[in-house]
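Participant: Starting off with a structure, shown below.
Readers should treat all values here as calculations from the given coordinates under stated rules, not as data from a laboratory. All values reported here derive from a predicted model rather than from experimental measurement. Glycine also receives a Cβ, built like all others from the backbone with ideal geometry; neighbour counts cover every protein chain displayed.
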Ligand SMILES: NC(=O)C1=CN([C@@H]2O[C@H](COP(=O)(O)OP(=O)(O)OC[C@H]3O[C@@H](n4cnc5c(N)ncnc54)[C@H](OP(=O)(O)O)[C@@H]3O)[C@@H](O)[C@H]2O)C=CC1
Ligand SMILES: Nc1nc(=O)c2c([nH]1)NC[C@@H]1CN(c3ccc(C(=O)N[C@@H](CCC(=O)O)C(=O)O)cc3)C=[N+]21
């Protein structure tokens, strides 16, 4: 069986330090607003795990939950209030949002210093730009930390990225290219997914399709990073990769739960603390 990469080990290696430096006597607590529209199961899973992980670090989490039928103009008014509230230092807007809500206003107005999951234009542009970054979407950063922990040489490596969503696929593709990898990106229209995934030394999957990747999609000895977090019919968290099927063929593989998601939550904690420090300086 390939090596199972435990998210907790990666988080402890990189992030425990960054998240343990909070001055205890501080009067103002770093505060994260979690903004959710509707009751999408993977958003609720994340919200619960964020609150569980961030509270013990002295971070206050305030949930703002809106009905999925809310009109865009009304949502935007509430978002403005959250964004302008000086008692809120960080904002996490959970995705996906209902189809009738456009995020144009949010993307253009979110305070870059509060934008800990990098959904706004300023942080997005810095990912596109060479050099100094702002906040990077937590999950994309989590994947880079896992690859670094595994000491995967990225220069010249064949990476296949399945999924091109705003939270993972898009930003991660740019970051991997910047590290010198040769990246193949796949989406729903990819004609022969199996051929594209089978030549990858590093296979990263973030689609939201339960068990899209089976054993015959994976090259012998590949590193497999399963970003998908889906809730199956029995209410269990499952990935986009069929772990049992693939684990013997991969040289290393991340499980769900206990893999990428665990690192994501710690990265978020470090971003919230960084966002707080930046605002306390001003
Ligand atoms: N582990 C973690 O910390 C996190 C996990 N997630 C999980 O990651 C998954 C993806 O999330 P997100 O990126 O936001 O989703 P999006 O819906 O934004 O993106 C999904 C991408 O997958 C592609 N896709 C869909 N079906 C297929 C298919 N059959 N074959 C190939 N590509 C396909 C889509 O292609 P197209 O562009 O053509 O539509 C799209 O590019 C979800 O399970 C989510 O819960 C999300 C955030 C954090
Ligand atoms: N703007 C935005 N950014 C996101 O990053 C984002 C999002 N929206 N919408 C929903 C998805 C889903 N997602 C999860 C991340 C971690 C766990 C998680 O911590 N899971 C633990 C297990 C928790 C448990 O066991 O209950 C783990 O994987 O180990 C769950 C879900 C982030 N997402």
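Participant: Could you list the residues of the stretch 228-268 with an amide nitrogen less than 16 Å from a label point located 7 Å from the Cα of residue 214 in the Cα-to-C-beta direction?
Facilitator: 240-249
Participant: Modelled label-to-label distance, residue 6 and residue 108, 7 Å Cα→beta-carbon offset: nm?
Facilitator: Between residue 6 and residue 108, the label points sit 4.8 nm apart.
Participant: While we're looking at this one, here's another question. Would you work out the relative contact order for the chain, in percent, from Cα pairs under 8 angstrom that are 6 or more residues apart?
Facilitator: Across the chain, relative contact order equals 23 percent.
Participant: Sum -39500 (n - 2.57) across every DSSP H segment of at least 4 residues in the chain, then divide by the residue count to get the 222 nm mean residue ellipticity, nearest 500.
Facilitator: Taken over the chain, the calculation gives -11000 deg cm²/dmol.
Participant: So what's the Cα pair-distance distribution over the stretch 78-148, bin width 10 Å, in %?
Facilitator: Whole-percent P(r) values from 0 Å outward: 19, 48, 28, 6.
Participant: Same structure again: Quote the convex hull volume per residue of the chain, based on C-alpha atoms, as a whole number of Å³.
Facilitator: Considering the Cα atoms of the chain, their hull volume per residue is 131 Å³.
Participant: Now a separate question. Roughly speaking, what % of Cα-Cα pairs in the stretch 47-100 are separated by over 18 Å, rounded to a whole number?
Facilitator: The proportion of pairs with Cα distances above 18 Å equals 41 percent.
Participant: How would you order 232-245, 88-101 from highest to lowest mean count of nearby Cβ atoms within 10 Å?
Facilitator: For the peptides 232-245, 88-101, the packing ranking is 88-101, 232-245.
Participant: On to the next question. Could you work out how far apart the two model spin labels at residue 232 and residue 150 are, taking each label as a point 7 Å from the Cα in the direction of the beta carbon, and quote it in nm?
Facilitator: The two pseudo-label positions are separated by 2.2 nm.
Participant: So, one more: Taking the chain as a Gaussian network, where each spring joins two C-alpha atoms under 10 Å apart, which residue of 110, 44, 225 fluctuates the most?
Facilitator: Comparing 110, 44, 225 in the GNM, the peak value goes to 44.
Participant: Could you sort the peptides 117-129, 165-177 by per-residue average Cβ neighbour count (10 Å cutoff), highest mean leading?
Facilitator: Numbers: 117-129: 17.9, 165-177: 20.7.
Descending packing order for the listed peptides: 165-177, 117-129.
Participant: Relative contact order of the stretch 177-282, please, whole-number percent, based on alpha carbon pairs below 8 angstrom and at least 6 residues apart.
Facilitator: Details: 157 pairs, mean separation 22.7, N = 106.
Computed value for the stretch 177-282: 21 percent relative contact order.
Participant: Next question, about the same structure. Using 1/(1 + (r/R0)^6) with R0 = 45 angstrom and r between the beta carbons of residue 73 and residue 45, what's the FRET efficiency to the nearest 0.05?
Facilitator: 0.95
Participant: Can you give the Rg to Rh ratio of the stretch 222-271, both from alpha-carbon atoms, with Rh computed by the Kirkwood formula? Show your work: numbers first, answer last.
Facilitator: Numbers: Rg = 11.9 Å, Rh = 11.6 Å.
Radius of gyration over Kirkwood radius for the stretch 222-271 works out to 1.02.
Participant: Also, I was wondering about something else. Given that compact globular proteins tend to follow 2.2 N^0.38 Å, what is the ratio of the alpha-carbon Rg of the stretch 1-101 to that value? Present the calculation step by step, with values, prior to reporting the outcome.
Facilitator: On the way: Rg = 16.6 Å, N = 101, 2.2 N^0.38 = 12.7 Å.
This ratio for the stretch 1-101 stands at 1.30.
Participant: If eta is 0.692 mPa s and T is 37 °C, what Stokes-Einstein diffusion coefficient results for the stretch 137-261, Kirkwood Rh from Cα pairs, in µm²/s? Don't skip to the answer; put the middle values down first.
Facilitator: On the way: Rh = 14.2 Å.
D = 232 µm²/s.
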